[in-house]
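The values are calculated or read from the model by the stated rules, or taken from the named source; none is laboratory data. A quick note: this is a predicted structure, and the numbers were derived from the prediction, not measured. Quick reminder, even Gly has a Cβ in these numbers, built from the backbone with ideal geometry, and neighbours come from all protein chains shown. Keep in mind that these areas ignore ligands, DNA and RNA; they rest on the heavy atoms of the full protein, side chains included. Shrake-Rupley method; radii C 1.70, N 1.55, O 1.52, S 1.80 Å.
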Amino acid sequence: MVEKYVFGSPFETEAVTEQIMAKTDVTTIVCGEIVVEDGFYYQYHMEETDVIYGLGEANRGINKRGYQYVSRCTDDPNHTEDKTSLYGAHNFIVLSGKQHVGLFFDYPSTICFDIGYTRQDLLTVRCDHADLYLYVITGESVYDVVKQFRKIIGTSYIAPKYAFGFGQSRWGYKTAEDIETVVQKYRENQIPIDMVYLDIDYMQDYKDFTVNAERFPAFGQFVQKMKGEQIHLIPIIDAGVKIEKGYDIYEEGVEKGYFCKREDGSEFVASVWPGWTHFPDVLNPEARAWFGGKYEILTNLGIDGFWNDMNEPAIFYSEEGIRALNQAISEHVKTFGVDKMIDNPDAIPFDARGILEQIQNNPEDYKRFYHNVNGKMVRHDLVHNLFGFNMTRAAGEALKKIAPDKKMLLFSRSSYIGMHRYGGIWTGDNQSWWSHILLNLKMMPSLNMCGFLYTGADLGGFGSNTTRDLLLRWLALGVFTPLMRNHTALGTREQECYQFEQIADFRHVIGVRYRLIPYLYSTYIKAANQNDMYFRPLGFDFPEDRRAIETEDQLLLGDEAMIAPVYTQNVSGRTVYLPEEMQFVKFMPDGTIYKETLPSGTHYVEIALNEVPLFIRKGKCIPVVDVAQSVDAIDMSTIKYLGYDNATYTIVE
Ligand code: GLC
């Protein structure tokens, strides 16, 4: 059952698509109390064994207990354990214990979830303004609650089949030749690939919807040439539009009043990659349609996929930030003296030293601009978490018009629930750390709960230098995530699969992905069509099994499989917990498949660096095809079924 409660005058976020009558003046709900006084406050006393699921793209575990999380879309490339905000705002949690209750706080500004942080047994949710919708969903299990929630937020975006291929990306591929080299190396080493991503380097001076004609001459022909090699080029689009006289998109946006404005009516100015930029007012339907329409410039050249970035929106600094920095530095210089600042920086107080960080993504800047929502000026910070959603919606709505019958690849960095109808997400700037393989794994089911099915992380790690073993282990998880992309930052070690010794191992691991694409894509389509999850925590299917509930480093995949990747260095295997009998399979580097039926319980299984492990659930089977070099080249006549005898699987596309 879904109930909707209204507090104050909420902003219509359009997260929920189903019409539900809202109730007013509520102080107690089926689980917990609400206080509306000086903001909104919800509290619930957790039983010792209650599990709190949810929050989509958030730090830490599948069970969110024991920490605090702040929904405030933030561009922060350091996802350390202490961080409370990432790029998305997914305010859906499920309290699961004696009863199963889902709570969706539909509130587009900063909202804090203290899940046993301040007091171990207390869950509180608070925000500054008591203007929100609260959806309360009760069901017979956590899984049931999630399905009901997914139904009211509308069907998830469906990516094209080619987007289940492997993709290579790097910030720093500067020319068409760079891209061709990548493609050539993958093809000559027979490592399957379907996509190469174009990071900001393809643009002319980081201007959206432009292509640098010197470095990418005859871009349209280049796109076609790549298509001829079964490669889709996927360009990045950033939120900020460069301020530059003569740049048509900038001039048009100013003329039509489609950029976010300050209170005095002038355009807000923020520094991002291109230097000074304006933000398109994607919360204004007219401006949204205008910005979305610009994607056609690239689809006309044959592009059929995009990734939207910097759309929290990220702000390196504003004019005010620079002035404040200048003033602060002058004051410090005056107080401490230049010599002391240079010779003895330890003597400078921390707040003075961290001044540069303070001007980046500064909350004060988000109060300096407005959106025009149906003629009403809405201050950005009050709707901050909707920017990435609406930028991607701009693209999604436009792409539907441009090519109504064609599926296009689209994913975003920032998001809010509702955006799952328009595109997927990638989990942003992770690091080449072993702990981030595990974070990637744990985030997947939470994202699925919130409707985000087409998701994945930067495999190999974005920041810092990767290693061969880290990349191989991470790819063996990426084999199963809908988005399978190797991406890394400017200046890091080259991390394409052919950069390492024994390329055959990479060929094999990515080959396994292609062998599984009929199964993975079909499972994904089923999940989207049935408001279901592609990845589930074990506790969803084994709610009576405490050990299963507490196992967070294994995930169920569809109804047929379980994954248990290796995420530690220098090991030859790992421990797995099987809540029921399963068939342990390993895709071996010689192309054979190792099979062993294991009884329920705990097992140590050996998994070499070049093997891909998978577990088939009791009585089930999955389709497997022969390796292909691209999704198009998959030969469905080679299908065989892997798993229990007499089991069947129906492929849906
Ligand atoms: C941001 C993105 C990253 C991209 C970089 C340059 O950090 O998250 O993926 O490579 O910007 O565009």
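Whenever you get a sec, compute what percent of the accessible area on the chain sits on carbon and sulfur atoms (1.4 Å probe). Can you show the working numbers first?
Numbers: 11450 of 24380 Å².
It is 47 percent, rounded to a whole number.
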For the range 360-489, what is the relative contact order in percent, using Cα pairs closer than 8 Å and at least 6 residues apart in sequence?
-> 18
For the chain, which DSSP H helices look membrane-span-like by this rule: Cα extent along the axis of 20 Å or more and mean Kyte-Doolittle of at least 0.5?
-> 435-449
Kindly provide the helix-only [θ] at 222 nm of the chain, computed as the sum of -39,500 (n - 2.57) over DSSP H runs of four or more divided by all residues, to the nearest 500 deg cm²/dmol?
-> -7500 deg cm²/dmol
Could you give the spread of the C-alpha atoms of the range 145-212 along their three principal axes, from largest to smallest, in whole angstroms?
-> 50, 35, 16
Residue-wise, which Karplus ³J(HN,Hα) couplings in Hz belong to the range 425-430, taking 6.51 cos²θ - 1.76 cosθ + 1.60, θ = phi - 60°, and x for glycine or proline?
-> 9, 10, 8, x, 7, 7
For T335 and V254, compute 0.36 nm times the residue count separating them, minus their Cα-Cα distance, and round to one decimal in nm.
-> 24.9 nm
Heads up, I need the accessible area for D505: 1.4 angstrom probe, whole protein in place, Å², nearest 10.
-> 20
With an 8 Å cut-off on Cα pairs and a minimum separation of 6 or more residues, tell me the relative contact order of the range 121-238 in percent.
-> 22
Inverse mean reciprocal Cα-Cα distance (Kirkwood Rh) of the range 557-653, Å = 14.6
Given a 1.4 Å probe, the accessible area of the chain per residue, as a whole number of Å², is 37
List the extent of the Cα atoms of the range 20-131 along each of their three principal axes, largest first, rounded to whole Å.
-> 41, 31, 27
So how much accessible area does K151 have, in Å² to the nearest 10, using a 1.4 Å probe?
-> 120
Alpha-carbon gyration tensor eigenvalues x 5, square-rooted, for the range 607-653, Å | 20, 18, 8
Quotient of Cα Rg and 2.2 N^0.38 Å for the range 102-202, N being how many residues it contains | 1.79
In whole angstrom, how far apart do the alpha carbon centroids of the range 552-572 and the range 204-280 sit?
-> 40
Leaving ligands, DNA and RNA out of it, rank D76, D199 by accessible area with a 1.4 Å probe, largest first.
-> D76, D199
Of all DSSP beta bridges in the range 459-606, what percent run antiparallel (nearest 5)?
-> 95
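Percent of alpha carbon pairs in the range 171-247 separated by more than 21 Å?
Above the 21 Å cut-off, the range 171-247 has 29 percent of its Cα pairs.
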With contacts defined as alpha carbon pairs under 8 Å and 6 or more residues apart, what's the relative contact order of the chain in percent?
-> 14
Rounded to a whole number, what is D in µm²/s for the range 223-366 from Stokes-Einstein with the Kirkwood radius over alpha-carbon pairs (4 °C, 1.567 mPa s)?
-> 72
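Once the Cα gyration tensor of the range 400-528 is found, what semi-axes does its equivalent ellipsoid get, as square roots of 5 times the eigenvalues, in whole Å, sorted largest first? Let's see the in-between values first.
Numbers: eigenvalues 135, 60, 40 Å².
Three semi-axes, in Å: 26, 17, 14.
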What figure in square angstrom, to the nearest 10, would you give for the accessible area of R187 with a 1.4 Å probe?
-> 60
Among DSSP beta bridges lying fully in the chain, give the percent that are antiparallel, nearest 5.
-> 75
From the P(r) of the range 291-423, can you give the percent of Cα pairs sitting at distances over 22 Å?
-> 55
Which of T523, T335, P482 sits closest to the plus end of the dipole of the chain, meaning its Cα is farthest towards the positive end, when Lys and Arg get +1 and Asp and Glu get -1 on the C-beta?
-> T523
Of every Cα-Cα pair in the chain, the percent that sits beyond 37 Å | 36
